[in-house]
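Notes follow the structure.
The values are calculated or read from the model by the stated rules, or taken from the named source; none is laboratory data. Remember, it's a predicted structure, so these values are computed and weren't measured experimentally. A quick note on method: Cβ atoms are made from the backbone with ideal geometry, for glycine too, and the neighbour counts reach across all protein chains shown.
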Amino acid sequence: MNAFKNLPASKSSTPTCRDLSSLAATQSRNRDAVGKPVWRPRACSVADMKYLPWLLLVLCLLCPGQVAALTNDDCLGCHGDPELSVTRQGKTISLFVDEEVYKHTVHAENGCVSCHVEAEVDGDEHPSRLASVKCYECHEEADAVYQQSAHGAGALLECGSFVPVCKDCHSTHAIFPSGDKRSTTYPLNLPSTCSKCHRQGAKASEKCHIAENNMPDNYVMSIHGKGLYEDGLVVTAVCTSCHRHHDIQRASVATSSVNRENVLETCNQCHVGIVAKFRKSVHSPLVTKTDKRLPVCVDCHSSHTISRVSQKDFRLTIGEQCGNCHERHTETYFETYHGRASMLWGGEKTAKCSDCHGSHDIMPASDPSSKINSANIVETCAKCHPNSNPSFATYLPHATHGARDKEKYPYLYYTFMAMTGLLVGTFSFFGIHTLMWIPRGIIERLNSMARKRKHRGAGERRE
Amino acid sequence: MTRKTTQYVERFSVVQRFIHLLVILSFLTLAVTGMALKFAMEGWAQWIALSSGGFVVLGALHRFCAVVTFFYFFLTLILLYEKWHESGKSLLGFIFDPEGLMPNLNDLKEMVGTVKWFFGGPKPSYGRWTYWEKFDFIAVFWGVAVIGTSGLFLWFPEQFSRFFPGYWINIATIIHSDEALLAAGFIFTIHFYNTHLRPDKFPLDPVIFVGSITVEELKHERPREYAQLVASGRLEKMVTKRAPVAWLRRMATIFGLFVVSTGSVLIVAIVVAMIKHFSPH
């Protein structure tokens, strides 16, 4: 956003000339009797200022071809009218420029024609449709970066002509520094600026095949979104904090701030302490040398749906998140009380992976600093079980009785087999017993019904 | 044909009926709350947890009913103690009383006779307790002991593990869970069928709620007991013309059918879940 704060001076000499001619031109000249601005295309022809011909001559020599420069007032003569509009392809487009807004923007010092160069014509009217404003003529650096970004070259390649340009993010005449509350890039406004295109059904998903997956809603519900909207915390992460702005790239691009390789560094912009801890943990490539994929922040915390870790939703997904890599451990966890209860309503209360193993500072059990190292395990269990003791801590939170773990936990396997034997035996015996009983029971019932009928029939006959 | 007034004998005392009511209420609650945890991955289990207010509520109900279970367990022991005292027999004599609840050789004979009856033989002459009724009683006795002990272990794991290694909690889980599956499976299928759903009683035998049966029924279903009662002259003392009151019969039917159908639905859900996963726990 620096580009906007320190706006470079216009390279054209136009402003100088225009400023001078503005000085020469009085307000009254551009207004009619009732003060309404009138269309005066040739502001520099000052026939009623007889005492300045020489000065004008000098000025005109100094600025060849620019003598007839338009002042903003000239433009506003028409464009200051809120009603001014044009219909293009059935759409009504307002041509109104609000001077009250414009005069406070970063471009307030610039004349209209410094951007809309084609408007400066000799005739009474400029072309009905002006070419797009060439921001890059001043904002060279930003443009160079933008051209290489997903919004520049990337979008051109993938989305055809639906390329976001400067004004799509920065607006046209209402450009303020990004720290200004009125700016479209002010933190509180930025998510809605981006989501003009980045939401389901809008340009990015329709034309560029970006699966938005309820992104704007998810962001609003996320911890970052809540910080922003509920508390007005403008230092919270907004779109550009993670994705950057002019140099935005798709996550698949190696240099992207949201590429797997760079996510840690991106989060590190704010979460310095956590990242420092993480770098010392078993999940860090600095600690574990492996060909397997090591997790980065978003693997556990997600991106747009990121929530407070103490929150129910987050706690309930921990098991599955870890299970993406630690499949067997998650499976066995869900077979124990902790895991089973966590599937039920209120299940966020039982121990989750991180409650025993830690999160950012996670270490293998063999490491003395690990939460599940024998030196620390009693204390770890005591977080939920205050009466924890060394014997209690030898509970096997991932043990199963399955044949797969027969070697590891034979006593569990054989207990289960004995119980299964008891069940199969009892149910087989009584199952067969009952199955044999059913036909006999039906026969007896039918017989007794027949007897009753006969009895009743005999009674009726006797009567 | 002269019409005789229907006569009744009491089969279950008020205390016995009360105990069975406690058994039903606590067992059904224990089964529903426990199976919801055991089969937590099933939709119905999650529905139970959600509609009851969460697994914490299920846990509280489960523990409350465990206390009820221990209560009726000891109440039964007290009743048995009293019965023993009244009988004037030695302890072993009381326990192995041929007409008592302990299975004996005669039960084996009756069982063989019953199987023969299934295939067209004569119906055995049953006494006060048939062998399947004895099994029901012993099974609950055994079940409460096993499920109760393992359950206490799981309720107070920190305390128990001071005396036993921690992996015993794992073992207790397996025993508690499978023994419960056995108990629920047995009660909700075998017991329900043998006692209520069999064709001559379908859909419900209300005797455990109303307490008495007709002398005709006694004579027909338990000829040996009838003969014994006649021989000892006790039948005359026991017989009453007072039929079970209508509201009690109605309540018994409504409540009994509710319990039988709830248990049946639960067992179907369990069987479906087990077929789906083929891995109980």
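Can you list the helices (runs of 4 or more DSSP H) found entirely within the stretch A:109-186 that contain at least 2 residues being assigned by TED's automatic domain parsing to the domain that holds A:E99?
Values: elements: A:112-115, A:140-148, A:155-159, A:166-170.
Qualifying helices (runs of 4 or more DSSP H): A:112-115.
Pairs only if they're at least six apart or on different chains, beta carbon under 7 angstrom, first in the stretch A:314-325 and surrounded by 19 or more Cβ atoms within 10 Å (Cβ to Cβ), second part of a helix (DSSP H, G or I) and aliphatic (A, V, I, L, M); list them, first residue then second.
Listed pairs, sorted by first residue: none to list.
State whether one or more residues within the stretch B:40-57 are within 27 Å of B:D205 (Cβ to Cβ) and in contact (Cβ under 8 Å) with a residue 40 or more places away in the chain.
Initially, the stretch B:40-57 is screened for residues within 27 Å of B:D205 (Cβ to Cβ), giving none.
Within the stretch B:40-57, not a single residue is within 27 Å of B:D205 (Cβ to Cβ) and in contact (Cβ under 8 Å) with a residue 40 or more places away in the chain.
Out of all the residues in the stretch A:383-405, which are more than 8 Å from chain B (Cβ to nearest Cβ), buried (at least 17 other Cβ atoms within 10 Å of the Cβ) and over 41 Å from the mean Cα position of the chain (by Cα)?
Result: A:D405, single match.
Quick one: in the stretch A:406-421, which of the residues that are buried (at least 17 other Cβ atoms within 10 Å of the Cβ) and aromatic (F, W, Y) is farthest from the other protein chains (Cβ to nearest Cβ)? Outline the logic, then answer.
Filtering the stretch A:406-421 down to residues buried (at least 17 other Cβ atoms within 10 Å of the Cβ) leaves A:409, A:412-413, A:415-416, A:419.
Now narrow it down to the ones that are aromatic (F, W, Y): A:409, A:413, A:416.
Working: A:Y409: 7, A:Y413: 10, A:F416: 5 Å.
Here the residue is A:Y413.
Assuming B:P124 fulfils every condition listed in (1) crowded, with 17+ Cβ neighbours inside 10 Å; (2) not in a loop (DSSP other than H, G, I, E, B) apart from one, which condition is it?
Among (1) crowded, with 17+ Cβ neighbours inside 10 Å; (2) not in a loop (DSSP other than H, G, I, E, B), the lone unmet condition for B:P124 is (2).
Within the stretch B:1-43, can you find the residues that are within 14 Å of chain A (Cβ to nearest Cβ), of a type in the set (A, V, I, L, M, F, W, C) and over 19 Å from B:I187 (Cβ atoms)?
B:M1, B:A40, B:M41
Would a scan of the stretch A:153-160 turn up a residue that is buried (at least 19 other Cβ atoms within 10 Å of the Cβ), touching a helix residue (DSSP H, G or I) at 6+ places or on another chain (Cβ under 7 Å) and aliphatic (A, V, I, L, M)? Steps first, please.
So the first thing to find is which residues in the stretch A:153-160 are buried (at least 19 other Cβ atoms within 10 Å of the Cβ), and the list is A:155, A:159.
Checking the rest, the ones that are also touching a helix residue (DSSP H, G or I) at 6+ places or on another chain (Cβ under 7 Å) come to A:159.
Retained after the next criterion (residues that are aliphatic (A, V, I, L, M)): none.
There is no residue in the stretch A:153-160 that is buried (at least 19 other Cβ atoms within 10 Å of the Cβ), touching a helix residue (DSSP H, G or I) at 6+ places or on another chain (Cβ under 7 Å) and aliphatic (A, V, I, L, M).
Can you tell me which residue within the stretch B:1-27, out of those that are polar (S, T, N, Q) and in a loop (DSSP other than H, G, I, E, B), is surrounded by the fewest Cβ atoms within 10 Å (Cβ to Cβ)? Spell out how you get there, then give the answer.
If we filter the stretch B:1-27 for residues that are polar (S, T, N, Q), which is where we start, we get B:2, B:5-7, B:13, B:16, B:26.
Among the residues that remain, those that are also in a loop (DSSP other than H, G, I, E, B) are: B:2, B:5-7, B:13.
Working: B:T2: 3, B:T5: 6, B:T6: 11, B:Q7: 17, B:S13: 11.
Once the filter is applied, the top-ranked residue is B:T2.
Does B:R198 qualify as being within 14 Å of another protein chain (Cβ to nearest Cβ) and within 18 Å of the chain's Cα centre (by Cα)? Explain how you work it out, then say what you get.
Details: within 14 Å of another protein chain (Cβ to nearest Cβ): yes; within 18 Å of the chain's Cα centre (by Cα): yes.
In short, yes.
What residue, among those in the stretch A:329-338 that are within 14 Å of another protein chain (Cβ to nearest Cβ) and of a type outside the set (S, T, N, Q), is nearest to B:A36 (Cα to Cα)? Give the steps one after another, and end with the answer.
Going residue by residue through the stretch A:329-338, those that are within 14 Å of another protein chain (Cβ to nearest Cβ) are A:330-338.
Add one more test, that the residue is of a type outside the set (S, T, N, Q), and what stays is A:331, A:333-335, A:337-338.
Numbers: A:E331: 18, A:Y333: 17, A:F334: 14, A:E335: 13, A:Y337: 12, A:H338: 14 Å.
Here the residue is A:Y337.
The rows are residues; the columns are (1) among the charged types (D, E, K, R); (2) touching a residue at least 24 places away in the same chain (Cβ under 8 Å).
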{"position": "A:C356", "(1), (2)": "no, yes"}
{"position": "A:S370", "(1), (2)": "no, no"}
{"position": "A:A399", "(1), (2)": "no, yes"}
{"position": "A:Y413", "(1), (2)": "no, no"}
{"position": "A:I443", "(1), (2)": "no, no"}
{"position": "A:L446", "(1), (2)": "no, no"}
{"position": "A:R453", "(1), (2)": "yes, no"}
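Provide a single number: the residues in the stretch A:432-446 that are more than 7 Å from chain B (Cβ to nearest Cβ) and either in contact with a strand residue (DSSP E or B) (Cβ under 8 Å, 6 or more places away or on another chain) or surrounded by 14 or more Cβ atoms within 10 Å (Cβ to Cβ) (or both).
Taking the stretch A:432-446 as the starting set, the residues that turn out to be more than 7 Å from chain B (Cβ to nearest Cβ) are A:432-433, A:435, A:438-439, A:443, A:446.
Of the ones still in play, those that are also either in contact with a strand residue (DSSP E or B) (Cβ under 8 Å, 6 or more places away or on another chain) or surrounded by 14 or more Cβ atoms within 10 Å (Cβ to Cβ) (or both) are A:433, A:438.
Final tally of qualifying residues: 2.
Scan A:Q249, A:Q269 and give me the residue that is in contact (Cβ under 8 Å) with a residue 60 or more places away in the chain and out of contact with any Cys (no Cβ under 8 Å at 6 or more places or on another chain).
Result: A:Q249 is the single residue among A:Q249, A:Q269 that is in contact (Cβ under 8 Å) with a residue 60 or more places away in the chain and out of contact with any Cys (no Cβ under 8 Å at 6 or more places or on another chain).
B:Y167 is checked against (1) within 27 Å of B:V23 (Cα to Cα); (2) aromatic (F, W, Y); (3) within 12 Å of another protein chain (Cβ to nearest Cβ) and fails just one. What number does that condition carry?
So the condition that B:Y167 fails would be (1).
Given A:A351, A:A341, A:A375, A:A276, which one is within 26 Å of B:N170 (Cβ to Cβ), aliphatic (A, V, I, L, M) and away from chain B (no Cβ under 14 Å)?
On the way: A:A351 fails: away from chain B (no Cβ under 14 Å); A:A341 fails: away from chain B (no Cβ under 14 Å); A:A276 fails: within 26 Å of B:N170 (Cβ to Cβ).
After applying the criteria, what remains is A:A375.
Go through (1) at pLDDT below 95; (2) within 14 Å of another protein chain (Cβ to nearest Cβ) for A:S369 and report which single condition fails.
Single failed check for A:S369: (2).
Picking from B:L50, B:L101, B:L30, which residue would you name as being touching a Phe, Trp or Tyr at 6+ places or on another chain (Cβ under 7 Å), within 30 Å of B:M274 (Cβ to Cβ) and not in a strand (DSSP E or B)? Lay out the reasoning, then the answer.
Numbers: B:L101 fails: within 30 Å of B:M274 (Cβ to Cβ); B:L30 fails: touching a Phe, Trp or Tyr at 6+ places or on another chain (Cβ under 7 Å).
Every option except B:L50 fails the conditions.
Give me the residue from the stretch B:155-164 that is in a helix (DSSP H, G or I) and either in contact with a Phe, Trp or Tyr (Cβ under 8 Å, 6 or more places away or on another chain) or at the interface with chain A (Cβ under 8 Å from one of its Cβ atoms) (or both) and, out of that set, surrounded by the fewest Cβ atoms within 10 Å (Cβ to Cβ).
Here is the first cut: in the stretch B:155-164, the residues in a helix (DSSP H, G or I) are B:155, B:157-160.
Now narrow it down to the ones that are either in contact with a Phe, Trp or Tyr (Cβ under 8 Å, 6 or more places away or on another chain) or at the interface with chain A (Cβ under 8 Å from one of its Cβ atoms) (or both): B:157-160.
On the way: B:P157: 22, B:E158: 19, B:Q159: 13, B:F160: 19.
Among residues in the stretch B:155-164 that are in a helix (DSSP H, G or I) and either in contact with a Phe, Trp or Tyr (Cβ under 8 Å, 6 or more places away or on another chain) or at the interface with chain A (Cβ under 8 Å from one of its Cβ atoms) (or both), the one surrounded by the fewest Cβ atoms within 10 Å (Cβ to Cβ) is B:Q159.
For the stretch A:295-307, state whether one or more residues are in a loop (DSSP other than H, G, I, E, B) and either within 30 Å of B:H176 (Cα to Cα) or in contact with a Leu (Cβ under 7 Å, 6 or more places away or on another chain) (or both).
yes
Do the conditions hold for A:M449, that is, is it outside any helix (DSSP H, G or I) and more than 8 Å from chain B (Cβ to nearest Cβ)?
Values: outside any helix (DSSP H, G or I): no; more than 8 Å from chain B (Cβ to nearest Cβ): yes.
When the stated conditions are applied, A:M449 does not pass them.
Looking at (1) out of contact with any Pro (no Cβ under 8 Å at 6 or more places or on another chain); (2) away from every other protein chain (no Cβ under 14 Å), find the lone condition where A:K312 falls short.
The one condition A:K312 does not meet is (2).
Which condition breaks for B:W142 when tested against (1) more than 10 Å from chain A (Cβ to nearest Cβ); (2) modelled with pLDDT under 95; (3) farther than 20 Å from B:R63 by Cα?
Going through the list (1) more than 10 Å from chain A (Cβ to nearest Cβ); (2) modelled with pLDDT under 95; (3) farther than 20 Å from B:R63 by Cα, B:W142 breaks only (3).
Counting just the residues of the stretch A:180-234 that are at pLDDT 90 or above and acidic (D, E), which one comes out farthest from A:F314 (Cα to Cα)?
A:D180
Output yes when any residue across the stretch B:194-209 is under 28 Å from B:R250 (Cβ atoms), surrounded by fewer than 19 Cβ atoms within 10 Å (Cβ to Cβ) and either among the aromatic types (F, W, Y) or at pLDDT 95 or above (or both), and no when none is.
Yes: the stretch B:194-209 contains one or more residues that are under 28 Å from B:R250 (Cβ atoms), surrounded by fewer than 19 Cβ atoms within 10 Å (Cβ to Cβ) and either among the aromatic types (F, W, Y) or at pLDDT 95 or above (or both).
Would it be correct to say that B:G151 is modelled with pLDDT under 95 and either assigned to a helix (DSSP H, G or I) or surrounded by fewer than 20 Cβ atoms within 10 Å (Cβ to Cβ) (or both)? Spell out the reasoning first.
Values: modelled with pLDDT under 95: no; either assigned to a helix (DSSP H, G or I) or surrounded by fewer than 20 Cβ atoms within 10 Å (Cβ to Cβ) (or both): yes.
The answer is no for B:G151.
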